[in-house]
1. With a ≥ b ≥ c taken as the square roots of the eigenvalues of the C-alpha gyration tensor of the stretch B:33-74, please select rounded if a/c is under 1.5 and otherwise prolate if a/b is larger than b/c or oblate if it is not?
2. Hey, how many Å between the Cα centroid of the stretch A:147-208 and the Cα centroid of the stretch A:39-60?
3. About the Cα centre of chain A, what is the dipole size in debye to 20, counting +1 per Lys and Arg Cβ and -1 per Asp and Glu Cβ, all else neutral?
4. Find every distance from the label point of residue B:137 to the corresponding label point in the other copies (7 Å from Cα along Cα→Cβ) and write them in nm, one decimal, shortest first.
5. Applying the Karplus parametrisation 6.51 cos²θ - 1.76 cosθ + 1.60 with θ = phi - 60° to the phi angles of the stretch B:114-124, what ³J(HN,Hα) value in whole Hz is obtained for each residue in order, glycine and proline being reported as x?
6. Percent of accessible area on the stretch B:63-169 owned by carbon and sulfur, 1.4 Å probe?
7. Between A:40, A:199, A:59, where does the largest GNM mean-square fluctuation fall for chain A, given springs only between Cα atoms within less than 10 Å?
8. So for B:36, B:188, what's the accessible-area order with a 1.4 Å probe, most first?
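The values are calculated or read from the model by the stated rules, or taken from the named source; none is laboratory data. Since the structure is predicted, the reported quantities are computational estimates derived from the model, not experimental observations. A quick note on method: Cβ atoms are made from the backbone with ideal geometry, for glycine too, and the neighbour counts reach across all protein chains shown. Surface areas here come from the heavy atoms of the whole protein model, side chains and all, with no ligands, DNA or RNA. Shrake-Rupley method; radii C 1.70, N 1.55, O 1.52, S 1.80 Å.
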2 protein chains.
Amino acid sequence: MEPRWKGKGSEAKALADPMSKLVAQLQSSLIQTNTCGLLSGCSVLVAVETEHADLFSHSCFGQPILTAEKDKHWFQLGMEEAFYLCHFLKCLKIVGEDNCPKDDGELWHYMKSRKATFPTFYMAYSHFRKKNWVVRSGLQYGVDFIAYRHHPSLVHSEYAVLVLSEGDDDTNGRLRLWSDVHCTIRLCGSVAKTLLVLSIKKNQCSVFPLCLESYTVVERTITRWSPKQNREDCQ
Amino acid sequence: MEPRWKGKGSEAKALADPMSKLVAQLQSSLIQTNTCGLLSGCSVLVAVETEHADLFSHSCFGQPILTAEKDKHWFQLGMEEAFYLCHFLKCLKIVGEDNCPKDDGELWHYMKSRKATFPTFYMAYSHFRKKNWVVRSGLQYGVDFIAYRHHPSLVHSEYAVLVLSEGDDDTNGRLRLWSDVHCTIRLCGSVAKTLLVLSIKKNQCSVFPLCLESYTVVERTITRWSPKQNREDCQ
């Protein structure tokens, strides 16, 4: 499936400002301003000046929070986003509710304790982000993530992503019943997305940060096979 | 949601020939002709004369099979359909691949051995049929059944049905993950069906035919709650 750009000029705009550049801009800006995020439940809240707010929006990190403050802009980051900025891009410090800075290991354990699927979801999230894909929640389509080639204002998302954890007792996983497979593929088709299944095989070692190394991610797209469109005489 | 009739006059047609009448016609015709079905894998095959073929079609049992025979019409019945005609309507005899007639108990055990979900699926199927709803496979929508108020040529299906088995170790069930719930509801919405979940609570007794008695079926419809449409000032 070809990317579906939103209107004229969107593709050129995306080419002129590749996502790698926008993320690098956010990264250096956060480092320069020594920006700090506040851990709050399953989110991290970040307050930035007006000039930096656009960088969050353009690089698609977090959701803006509406407040009455004039010069401060608040962003709410999901756990995967926050950990990526903190651990991989090394541009965000995070303090706990007790106002003490948390190191990466403490954060990892905290986030894992709040959400059992955090390790595999983080691996999936960072897998996409490292390839400069934009990742958003797949809540409204009943999947784990949706992936965009560039900013959602310029292009429709191309992939509906399900994250499966391979190897361990994956009784909670999706796509274990044919009816679920059919349901998911039919929905993806009707919203013009390709179903992409990421199978994450965890490392034997469960100690942070070693557990992040040498895990494997297998990408599989699943599409409907239509007998009508695949007959010999149609080729 | 109101029933969506297919074109003008369909509702009147359905009222003139209620499903209960069409099924009764099939039933008495099959009894008179002493019709026999042939067990073949997970299906039952039935051959009928031209004049009786319409009764199968009108009452929505089985799928017609195209053959070169002129005066014989073949129908392929699913296991739930066949067992309903045989055990509940008592109008179809079934012989095995060894050409020996099977009694209801033998059939029950055979069908259960071919498909572990047969008992709960049969309870769901018969639950609808007894209320004169037409039931078809939900394969293309990723659900277990779809239910029609009358013949599919007259009306669009209203319910997408998932059958859940309550009580026992239901690790294979649907809707155990929020993402699955979201996916299913979103799909049902896009094809204008209401998601109907049938929870079947099995009887303690597992011996046929006692296991068919006193099971309970709980019907639940699941719809999306939209905050926008449910604000106080919108009411």
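1. Values: a/c = 1.40, a/b = 1.23, b/c = 1.14.
Here the stretch B:33-74 falls in the rounded category.
2. For the stretch A:147-208 versus the stretch A:39-60, the Cα centre distance is 26 Å.
3. Working: 28 positive and 26 negative charges, 144 e Å.
Rounded to the nearest 20 debye, it is 700 debye.
4. 3.7
5. 7, 8, 4, 8, 3, x, 5, 5, 5, 5, 5
6. Numbers: 2620 of 5030 Å².
C and S fraction of accessible area: 52 percent.
7. Comparing A:40, A:199, A:59 in a Gaussian network model of chain A, the most mobile one is A:40.
8. Numbers: B:36 60, B:188 10 Å².
If we order B:36, B:188 from most to least accessible, we get B:36, B:188.
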